[in-house]
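Undergrad: One structure, pasted below without further comment.
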Amino acid sequence: MNNNSDLLKRLLEGDVCLTATNRLSRQIMADYDQSMVASGKMAWDRPMIMPLESWCRQLITSLDISERILTSSQAAFLWETIIQKDVVASDHELLQITPTARKARQAYKLLHDFQAGFTTDEAAEDHRAFLRWQNTWEKMLSEKGWIDPCTIISFISKAIDVGKIKVESGVIFAGFDDFNPVQKSLQDSLQTAGCTVVIVNDHASTTANNGVIAAPDNTTEVEQCARWARGLAAENPEVRIGIVAPHLESYKSLIYQKFLDEFDPAGKVLGGGQLLPFNISLGDPLANEGPVFAALKLLTLARTVSVDELSWLLRTPYIQAASASYGQRGLTDVKFRKKRLAELPLWKLKGALKSVGCDTAFTDVIDALVDFQKSRSKDLPGIWAERFARTLQSCGWPGDRTLSSREYQAVDKFREVLAGLATFDAVSGPVDRSFTTALVQRLTNEATFQAESSGSQVQILGMLEAGGLHFDHLWVLGMHAGAMPQPLRPNPFIPLAAQRRKQMPHADANRELDYAKRLIKRLSASASNVIYSWPLNEAGIQNRPGALLNSLEPIDLPTLPSMAPAPAIFGSRRPLEKISDYKVAPLISKKPVSGGTAIVKDQALCPFRAFAHHRLNSKGIESPDIGLDNMTRGTLVHSMLEFFWADIRSHQRFCQMTDEAILEKLEKVAEMAVAREEAVNKADMPSRLRLLEIQRLAGQGFKWLERERNRSPFEIVEQEQLHEETIGRLHFRTRIDRIDRLEDGTLAIIDYKTGQPDPLQWFGRRISEPQLPIYCQKLENSEIGAVLFAAVRSKPAECRFSGIARTPEMFPKLNERQLQKFLTENGWNTIDQVLDSWREALPELGNAFVNGDATIDPVDKVDTCKYCDLATLCRIHEADHWAQWEDENV
């Protein structure tokens, strides 16, 4: 039977049509409805048109044994259980149980469908392992009375043979490229029972309008295809266009991008989950859909939450009050990161969030998750499904905003998965929470999701999904020599000889070649205009043309302009008006500007950085490290040394202390420093981390104080005192770590550093470490004896003073040859000359900030920009590529 009208005639007579795919069932039903409308009918009985497996399941309900048929998920779970137990019993190592179980189930289905078997004589070790699993599986089915879902067709055949099922009408098989022995047995049983069996044959002779195109690469190939399809659709809105690819998985992403370019460029720019103007048959894992991903995240959240996980919770739109509190939660994220906590137990999170002004709706979500994690008992999966649903409801999932059509369908599909957990009650028994959440994750990863949409005139399909379908125009992508016939992929759990003996798929080259020829013949007959294409180059590999296309002539397509949004927008742009925005409004207030010496430092590093940080108050969000970050540890060192010197004050008193007394005091002040940090951040350190940090601080402090002991006598004048400074017309407040009075009466200005400071940053017109040079502005040159960095490091060799001093001998190891050489090269032979250079350079920086200088001009494009948090705001890295991109798109 090869005529569509003959098929419709038999359907009118009451025949059943069984198809290879759901898509073909829908198309035949649509063609039938259209024929009824064309004949003038207003109402009609719809025929039975459905996939073969659906028909078998419908018939089996009449036998009242539906509850005995396992679902595919149940069967997969039981196979994994069997293999896991066998691995333990046989003491074999098997790292991936799930993929192994999947291949074993495929082997079992192949043996059943091809009515085949094999013995241990022709079996290798893997084959013998499969035979053990198969024996256990069949024994389990027999004991429990279960029916394997892959045996339903043969079950129906036997029921027809013994008269338990009667089929009154004729049966049409449509869209099948091949029939396996089990399907042939079903046809025999139907014919023996008196049914007429008809096979629709679409393998007519190849049409004359076939041709082949060789594209330079995959991208060009898909672009040509998308423009061709767009042109046909524009000419005739009723035309049916098919796009087929033997390896649709590898083409899917490229097809999606290029077809969206051509069919919906505005939708590509706007985004928002709109329905596609074309249909791609290959769906995505349900777990990847936004609301489902969020649900899984909520159910699998650990007892300790990282700052990134908290950030996700605060920003996701799929929990209660997310839209209403979006801005507040974003601010909460920023404030919480300032605490510099890398992680926090979930039960402590609520208090920490309240301290930064988090909304109560979000803390209610935290309460719901804490209550959920208290569930530690073992229960049936169905009971866990109810708990999951209640927890998600308590969290306000899937959110307070209106869901898009795609999101709504994904939520419904996920609820179906949760409801389906109850089917595991009979096969798993009581399980714990972690097992059930892992099961849900696996089910959602295995479930293919594709949003339902109205029928599209452009259908993008895999090779098998196109079986039986008819189009006005068809394009077959990726038809190089390696695609058709497909490479052999025999099942690893069935001996290759047994697979070839029964002509199983993907095991024999001659069988695959014959099958490929039939597919090409079917595709060539499925449309009046068929184009085959292949890429000359694919991922750097040169392809050969498919041998099955040798009889086709190359064709040329008319060149159509692209509708891709980026070139279209750029091509239709108006002439750009260039406005220089390097200068902003000057400051007119005489009040101190907040930011301290960081204002001058940022102005020196890059004027735009100072403008963004201190005028726009724009800063990147913080990313805490594991444990304490470097900034927190630096603060702790500053606090510890401040507390240590608070009552000692002088070198003389310090030298009178024994090592034991110093260590005892250091441990005490280290604990005070940690307590201050906890109070500032309103968060306690874990007890073990707290103890380790106190010990580390005390040890680091003791190493540093060895350097202090070897200094000439000094007396501490002040520590951490607040000063008001004026640099040019810029007023601000700052703190100096420490000022010492030396034995010659001059002052040493000291800044603690836990990194490796470089005094060379003090020199030049843009002083990038300005704190100490700024403080020197208020003093006479004669008052200043030294300006020093104090590097407080863990390694004793790295603990040192660095900087400039009138009498370097007062500070051990201060004479650095590199620094002295640099000063000499710049003509600075005395400390007074350096101080005078600061008095000239610093006011320029202060005045530049006050005047509104916001030029994007980093002092060092590599190092300055490497550690800057404003790259996405200033977009300096785009500047180098903009001119080149503009030239390419003129």
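Undergrad: Per residue of region 650-665, what does 6.51 cos²θ - 1.76 cosθ + 1.60 with θ = phi - 60° give for ³J(HN,Hα)? Whole Hz please, x for Gly and Pro, Karplus curve as stated.
TA: 10, 5, 4, 5, 5, 5, 7, 7, 7, 4, 5, 5, 5, 4, 4, 5
Undergrad: Not counting ligands, DNA or RNA, and with a 1.4 Å probe, what is residue 504's accessible surface area in Å² rounded to the nearest 10?
TA: Surface open to solvent at residue 504 totals about 0 Å².
Undergrad: Around residue 244, which amide H atoms from residues at least 5 apart in sequence, or from another chain, sit under 5 Å from its own amide H, with H modelled in the peptide plane?
TA: Excluding prolines and chain starts, which carry no amide H, the hits are 461, 475, 476, 477.
Undergrad: How large, in percent, is the carbon and sulfur part of the accessible surface of the chain at a probe radius of 1.4 Å? Numbers along the way, then the final one.
TA: Working: 22520 of 44240 Å².
With neighbouring chains kept in place, the figure for the chain is 51 percent.
Undergrad: Something else now. Semi-axes, largest first, in whole Å: what does sqrt of 5 times each Cα gyration tensor eigenvalue give for region 540-652?
TA: Details: eigenvalues 769, 182, 20 Å².
Computed over region 540-652, the values are 62, 30, 10 Å.
Undergrad: Further question on the same structure: Sort 251, 582 from largest to smallest accessible area, using a 1.4 Å probe on the heavy atoms of the protein chains. Numbers along the way, then the final one.
TA: Values: 251 10, 582 115 Å².
Correct descending sequence by accessible area is 582, 251.
Undergrad: Could you tell me which GluC sites (Glu not before Pro) in region 701-799 are loop residues by DSSP with no more than 13 other beta carbons within 10 angstrom of their beta carbon? Don't skip to the end; give the middle numbers.
TA: Details: sites: 706, 708, 715, 718, 720, 724, 725, 743, 780, 783, 798; in loops: 743, 780.
Hits after loop and neighbour filter: 780.
Undergrad: Using a Cα-Cα cut-off of under 20 Å, which lysines could be cross-linked to residue 753, ignoring same-chain neighbours fewer than 8 residues away?
TA: Reachable lysines: 601, 703, 795, 813.
Undergrad: Here's something else I'd like to know. Calculate, for region 275-355, the solvent-accessible area per residue in square angstrom, rolling a 1.4 angstrom probe over the heavy atoms of the protein chains. Working shown, then result.
TA: Details: 3260 Å² over 81 residues.
Ligands and nucleic acids excluded, the result is 40 Å² per residue.
Undergrad: Also, quick follow-up: Taking a ≥ b ≥ c as the square roots of the eigenvalues of the Cα gyration tensor of region 601-701, is the shape rounded (a/c under 1.5), prolate (a/b larger than b/c) or oblate? It would help to have the intermediate numbers written out before the result.
TA: Working: a/c = 3.12, a/b = 1.69, b/c = 1.85.
Oblate.
Undergrad: May I pose another question? Around residue 332, what is the net charge, scoring Lys/Arg as +1 and Asp/Glu as -1 over all other residues with Cβ under 15 Å from its Cβ? Spell out each step's value before the answer.
TA: Values: positive: 315, 329, 335, 337, 338, 339, 350, 354, 682; negative: 308, 309, 333, 359, 364, 622.
Result for the neighbourhood of residue 332: +3.
Undergrad: Now for a separate question. For region 306-323, list residues with backbone N below 20 Å from a point placed 7 Å from the Cα of residue 692 toward its Cβ?
TA: Backbone N within reach: 306-308.
Undergrad: Can I ask one more? Please compute the modelled spin-label separation between residue 116 and residue 824, points set 7 Å along Cα→Cβ, answer in nm with one decimal.
TA: A separation of 8.7 nm, rounded to one decimal place.
Undergrad: By the gyration tensor of its Cα atoms, with a ≥ b ≥ c the square roots of the eigenvalues, what is the shape of region 54-213: rounded for a/c under 1.5, prolate for a/b over b/c, or oblate?
TA: Details: a/c = 2.39, a/b = 1.42, b/c = 1.68.
Taking the square roots of the gyration eigenvalues as a ≥ b ≥ c, region 54-213 is oblate.
Undergrad: Next up: Give the accessible area for residue 268 in Å² (nearest 10); use a 1.4 Å probe, count only protein heavy atoms, and leave out ligands, DNA and RNA.
TA: 70 Å²
Undergrad: Oh, and also: If you take every DSSP beta bridge fully contained in the chain, what fraction is antiparallel? Give it as a percent rounded to 5.
TA: Numbers: 33 of 75 bridges.
Restricted to the chain, the bridges split so that about 45 percent are antiparallel.
Undergrad: Compute the long axis of helix 381-394 from its Cα atoms, compare it with the longest principal axis of the Cα atoms of the chain, and write down the angle in degrees, 0 to 90, nearest 10.
TA: 50 degrees
Undergrad: Can you pull out the GluC sites (Glu not before Pro) in region 76-162 that DSSP calls coil and that have at most 12 other Cβ atoms within 10 Å? It would help to have the intermediate numbers written out before the result.
TA: Values: sites: 80, 93, 122, 125, 138, 143; in loops: 93.
For GluC sites (Glu not before Pro) across region 76-162 that sit outside H, G, I, E and B with at most 12 neighbouring Cβ atoms in 10 Å, the list reads 93.
Undergrad: Now for a separate question. Helix 248-263 against the longest principal axis of the chain: what's the angle in degrees, Cα atoms only, rounded to the nearest 10?
TA: That helix lies at roughly 80 degrees to the long axis.
Undergrad: Under 27 Å Cα-Cα from residue 350, which lysines qualify once same-chain neighbours fewer than 8 residues away are excluded?
TA: Within reach: 297, 335, 338, 339, 374, 619, 682.
Undergrad: Accessible surface of residue 247 in the full protein assembly, 1.4 angstrom probe, to the nearest 10 Å²?
TA: Taking all protein chains as shown, residue 247 has close to 70 Å².
Undergrad: Let me know the shape class of region 316-447, please: from the alpha-carbon gyration tensor, a ≥ b ≥ c as square roots of the eigenvalues, rounded when a/c is under 1.5, otherwise prolate if a/b is greater than b/c, or oblate. Walk me through the numbers on the way to the answer.
TA: On the way: a/c = 2.64, a/b = 1.56, b/c = 1.70.
Since a/c reaches 1.5 but b/c is at least a/b, the shape of region 316-447 is classed as oblate.
Undergrad: Let me ask another. Report the local net charge at residue 796: Lys and Arg +1, Asp and Glu -1, summed over other residues whose C-beta lies under 10 Å from its C-beta. Kindly include the intermediate steps, with their values, before the conclusion.
TA: Values: positive: 703, 707, 793, 795, 800; negative: 706, 798.
Computed value for this residue: +3.
Undergrad: Which one is right for this structure if volume of the Cα convex hull per residue in Å³ is calculated from it: [x] 251; [y] 305; [z] 165?
TA: [x]
Undergrad: Next up: Could you state the accessible area per residue of region 423-514 in Å², with a 1.4 Å probe and every protein chain left in place?
TA: On the way: 3740 Å² over 92 residues.
In whole numbers, region 423-514 has 41 Å² accessible per residue.
Undergrad: Output the relative contact order of the chain, whole-number percent, from Cα pairs under 8 angstrom with separation of 6+ residues. Display every interim value, and only then the final one.
TA: Values: 1298 pairs, mean separation 116.5, N = 890.
Relative contact order for the chain comes out at 13 percent.
Undergrad: Order 859, 674 by their accessible area, 1.4 angstrom probe, all chains in place, largest first. Kindly include the intermediate steps, with their values, before the conclusion.
TA: Details: 859 75, 674 0 Å².
Sorted descending by solvent-accessible area, the residues read 859, 674.
Undergrad: On a 0 to 90° scale, report how tilted helix 405-420 is relative to the longest principal axis of the chain, with both axes built from alpha carbons and the result rounded to the nearest 10.
TA: Approximately 80 degrees, to the nearest 10.
Undergrad: Aspartates and glutamates near residue 9 by alpha-carbon distance under 18 Å, same-chain residues fewer than 8 away left out - which ones?
TA: The reachable aspartates and glutamates, counting only those whose Cα sits under 18 Å from residue 9, are 31, 33, 45, 168, 202.
Undergrad: About the Cα centre, and with charges only on the beta carbon of Lys, Arg (+1) and Asp, Glu (-1), how big is the dipole of the chain? Nearest 20 debye, please.
TA: Details: 104 positive and 115 negative charges, 243 e Å.
So the magnitude is around 1160 debye.
Undergrad: Same structure again: Once the dipole of the chain is set up with Lys and Arg at +1 and Asp and Glu at -1 on Cβ about the Cα centre, which of 320, 195, 687 lies farthest towards its positive end?
TA: 687
Undergrad: Here is a further query. Extending each Cα 7 Å along its Cβ direction at residue 386 and residue 517, get the distance between those two points in nm, one decimal.
TA: Simple spin-label model gives 6.2 nm for this pair.
Undergrad: Can you tally the net charge around residue 508? Count Lys and Arg as +1, Asp and Glu as -1, for every other residue whose Cβ sits under 10 Å from the Cβ of residue 508. Please list the in-between numbers first.
TA: Numbers: positive: 500, 501, 502, 511; negative: 512, 514.
That works out to +2.
Undergrad: Right, next: Let me know the number of lysine pairs in region 46-175 closer than 25 Å at the Cα, not counting same-chain pairs under 8 apart.
TA: Pairs that pass both the separation and distance tests number 14.
The values are calculated or read from the model by the stated rules, or taken from the named source; none is laboratory data. Keep in mind it's a predicted model, so treat the numbers as computed, not measured. Cβ sites come from the backbone with ideal geometry, for glycine too, and all protein chains shown count toward neighbours. Side chains included, ligands, DNA and RNA excluded: accessible areas come from the protein's heavy atoms. Shrake-Rupley method; radii C 1.70, N 1.55, O 1.52, S 1.80 Å.
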